[in-house]
Amino acid sequence: MESRPLQIGITCFPLIGGSGILATALGTELAVRGHEVHFFSYAKPIRLDLSAPRIHFHQVSVGQNSVFPCPDYTLPLAVKMAEVGRSEKLNIFHVHYAVPHATAAFLATEMIGEGAPKIVTTLHGTDTTLLGPNPQYRAAIEHALVHSDAVTTVSQSLRQQTYETFELRKEIQVVPNFFTPPTPARSREEVRRELGIGGGEFLVVHMSNLRPVKRIDLLLRVVASSGRRDRIKLLILAGGAFAPYQPLVHELGLQDRVIVRESAAAVEDYLPAADAGLYTSEAESFGLSILETMFYAKPVVAFRIGGIPEVVSDTAYLHEFGAIEKMAASLDALIDSPDAARELGERGRARAEENFTAARIVPRYEAVYFSI
Ligand code: GMT
């Protein structure tokens with residue numbers, strides 16, 4: 001494979017959410033490998049270290065011009081990408097999410113004209129699953145994909161769904177997500193003390209942005225259905241507001257079982273402190289949080305949906321969507337058999353380290369760049 005340094009523009013959402021986290025990790029790794037990496041977003045991506053060599057950030061202001069009745073992001077983003085694309089002689093625009101990023105990349109390349117960067121679009125889920133079927137967006141997404149030089153998805157499942165959703169006569173490559181577990185800053189004991197976890201209590205962790213697709217209602221119902229609910233503490237590392245779910249916490253009598261940490265909690269501190277991970281999404285193209293949980297050797301219980309089986313294979317307890325009682329029984333089994341739980345967690349870690357490291361995945365993105 002060719003290996004000269006490239007000038008790469010990465011456009012992503014900056015908030016807590018799988019796609020932005022993955023895009024940030026990818027850009028960071030690419031810079032370590034000698035590429036110049038330019039990030040475009042309306043705010044600094046949450047895990048981006050601006051002091052790292054070869055990392056640049058171009059903030060895009062949301063258009064609030066008084067002549068427009070509504071704010072606009074796509075055009076200012078396209079203009080910024082065109083400006084930097086031209087001045088820095090970018091080779092690649094790698095956009096995460098078709099809407100609006102691939103559309104902005106298309107406009108930017110039209111503005112630049114000859115020698116414009118090639119466009120790589122990575123689909124993370126919502127473009128296909130939520131926006132794809134929506135007639136207000138469908139044609140725009142399809143246009144952006146058709147005009148991308150390469151399209152990737154984060155799982156086979158999302159690739160298949162994308163072909164079923166759009167009229168695409170081009171190859172979609174699957175490049176799975178990766179994760180590099182940071183070293184914890186605090187010990188397991190310290191974190192469990194902070195959380196008030198008593199001896200004999202079993203700490204179940206859930207990390208997500210709490211969007212409706214994460215089915216926090218089912219998450220709470222699984223814990224409420226457990227035969228060992230009085231031994232469980234559920235730690236929710238929330239990338240969104242938890243307040244809307246408080247009434248259900250009370251209805252299920254889980255007030256003293258649920259602990260919430262909102263905003264950018266240090267997952268590398270909380271995951272080692274946990275005993276298992278619980279994920280109840282109704283759709284998940286990959287499940288980056290599940291992969292993060294596996295990297296810290298914590299056994300996972302989840303629904304068998306979307307790309308999750310590709311991530312965990314046989315290293316987790318998977319159940320048909322909605323099978324709350326069975327999920328609760330799996331949690332109980334983990335609580336009752338610490339050795340089996342440890343073994344399952346270790347197998348998850350081995351699978352994660354074998355398949356989903358930066359060393360394995362980043363060269364696959366580089367290969368996509370050089371192929372176009
Ligand atoms: O749902 C989220 O957590 C956020 C969302 C995003 O786009 O930021 O996540 C999607 O991309 C992640 C990274 O590829 C995947 O791990 C998630 O499975 C995917 N979410 C859904 O498909 C619902």
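Readers should treat all values here as calculations from the given coordinates under stated rules, not as data from a laboratory. Quantities reported herein were computed from a predicted structural model and do not represent experimental measurements. With ideal geometry, Cβ positions are generated from the backbone for all residues, glycine too; neighbour counts draw on all protein chains shown.
Mean 1/r over all different Cα pairs, inverted: what Kirkwood radius does region 56-109 give, in Å?
11.7
Put in line by how crowded their Cβ is, counting other Cβ atoms within 10 Å and starting with the fewest, S225, S281 read S225, S281.
Distance check, please: which entries in K118/K298; K298/K326; K44/K170; K44/K118 exceed 28 angstrom between their Cα atoms? Cα-Cα > 28 Å for K118/K298; K44/K170; rest within. Translational diffusion of the chain was estimated from the Stokes-Einstein equation, with Rh taken as the Kirkwood radius over Cα pairs; at 25 °C and 0.890 mPa s the coefficient is 114 µm²/s.
Positive-end ranking of F242, V62, S225 along the dipole of the chain, with charges on Cβ about the Cα centre, is headed by V62. Above 23 Å, the calculated P(r) of region 45-182 contains 41 percent of its Cα-Cα pairs. Each residue, Q156 and R360, gets one label point 7 Å from its Cα in the Cβ direction; the gap between the two is 1.4 nm. Given axes a ≥ b ≥ c from the Cα gyration tensor, I'd like to know whether region 236-372 is rounded (a/c under 1.5), prolate (a/b larger than b/c) or oblate. Note, shape of region 236-372 comes out prolate. So what does log10 I(q)/I(0) come out to for region 133-269 at q = 0.12, 0.13 Å⁻¹, using the Debye formula with one equal point on every Cα and no solvent? Computed log10 I(q)/I(0) values: -0.71, -0.78.
The local environment of L252, defined by Cβ-Cβ distances under 12 Å, has a net charge of 0 under the rule Lys, Arg +1 and Asp, Glu -1. Charge dipole of the chain (Cα centre as origin; +1 on each Lys and Arg Cβ, -1 on each Asp and Glu Cβ, all else neutral): 260 debye, rounded to the nearest 20.
For region 159-217, GluC sites (Glu not before Pro) meeting the loop criterion (DSSP other than H, G, I, E, B) and having at most 12 other Cβ atoms within 10 Å: E167, E171. Once both labels are positioned 7 Å from their Cα atoms along Cα-to-Cβ, the gap between M111 and R138 label points is 3.1 nm. Relative contact order of the chain: 14 percent, from C-alpha pairs under 8 Å at least 6 residues apart in sequence.
The charge dipole of region 188-355, taken about the Cα centre with unit charges on the Cβ atoms of Lys, Arg (+1) and Asp, Glu (-1), comes to about 280 debye, rounded to the nearest 20. Oblate is the label for region 301-348. Its Cα gyration tensor axes, ordered a ≥ b ≥ c, give a/c of at least 1.5 and b/c at or above a/b. A full extension of the chain between A266 and E2 corresponds to an added length of 91.4 nm, given 0.36 nm per residue minus the alpha carbon distance. Within the shell defined by Cβ-Cβ distances under 14 Å, the residues around D269 carry a net charge of +1, with Lys and Arg each +1 and Asp and Glu each -1.
Applying the criteria of a DSSP loop state and at most 16 other Cβ atoms within 10 Å to the trypsin sites (Lys or Arg not before Pro) of region 177-263 yields R186, R228.
Computed extension length for L50-Q246: 66.9 nm, one decimal, from 0.36 nm per residue of separation with the Cα-Cα distance subtracted.
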